[in-house]
């Protein structure tokens, strides 16, 4: 009788070693965390890219709208900046800062701030010297310069990760006249 129990015991261990019925479940359990991380990471990357595109679109729209005025009141400038928040939808407008500035490059090639308006940011100081890309710095010329930055927080729901600052700026020439007067 002792021999038959020993034989059963050996065949049971050998049988378990050869049994492959749970292998797929074990492999799935090992792969699941990696697959979830890959899926959530790709979602966050897509969301960040979409937000960055909104920042670029907003900067362009603010410069474009401002350049279509010959004379602009402070209220109209603020309305244009507020419209930037609408363009940022579905991303929270409160996380963005907007600034529009008119620059003037004099006959010596020095570019200075003529006027500036901002929302959720500090306006540039009139008379401050600004560096402009070489191709944009044309003597005796005005430019509209818009800047937008956005504090993007990945996986904000779960409190993981810090904010990433997404920013873009655009230079545009006034369309209706040589300059946009802020009155």
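General remarks:
- Among the residues making up the range 80-130, those that are in a helix (DSSP H, G or I) and surrounded by fewer than 17 Cβ atoms within 10 Å (Cβ to Cβ) are 82, 83, 86, 94.
- Each residue in the range 55-77 was checked for being loosely packed, with under 15 Cβ neighbours inside 10 Å and assigned to a helix (DSSP H, G or I), and 2 of them qualify.
- Residue 170 vs. criteria closer than 22 Å to residue 78 by Cα and exposed (fewer than 12 other Cβ atoms within 10 Å of the Cβ): no
- Test: residue in the range 130-141 that is modelled with pLDDT of 95 or more and touching a strand residue (DSSP E or B) at 6+ places or on another chain (Cβ under 9 Å): no
- Selection status of residue 175, surrounded by 12 or more Cβ atoms within 10 Å (Cβ to Cβ), within 13 Å of residue 114 (Cβ to Cβ), modelled with pLDDT under 95 and over 25 Å from the mean Cα position of the chain (by Cα): no
- Annotation note: of 169, 97, the sole residue that is at pLDDT 95 or above and out of contact with any helix residue (DSSP H, G or I) (no Cβ under 7 Å at 6 or more places or on another chain) is 97.
- Residue check: residue 154 meets all listed conditions (1) assigned to a loop (DSSP other than H, G, I, E, B); (2) touching a residue at least 40 places away in the same chain (Cβ under 8 Å); (3) over 21 Å from residue 70 (Cβ atoms); (4) out of contact with any helix residue (DSSP H, G or I) (no Cβ under 8 Å at 6 or more places or on another chain) but one, namely (4).
The values are calculated or read from the model by the stated rules, or taken from the named source; none is laboratory data. Computed from a prediction, not measured in an experiment: that's the story for all the values here. So basically every Cβ, Gly included, is an ideal-geometry build from the backbone, and we count neighbours across all protein chains shown.
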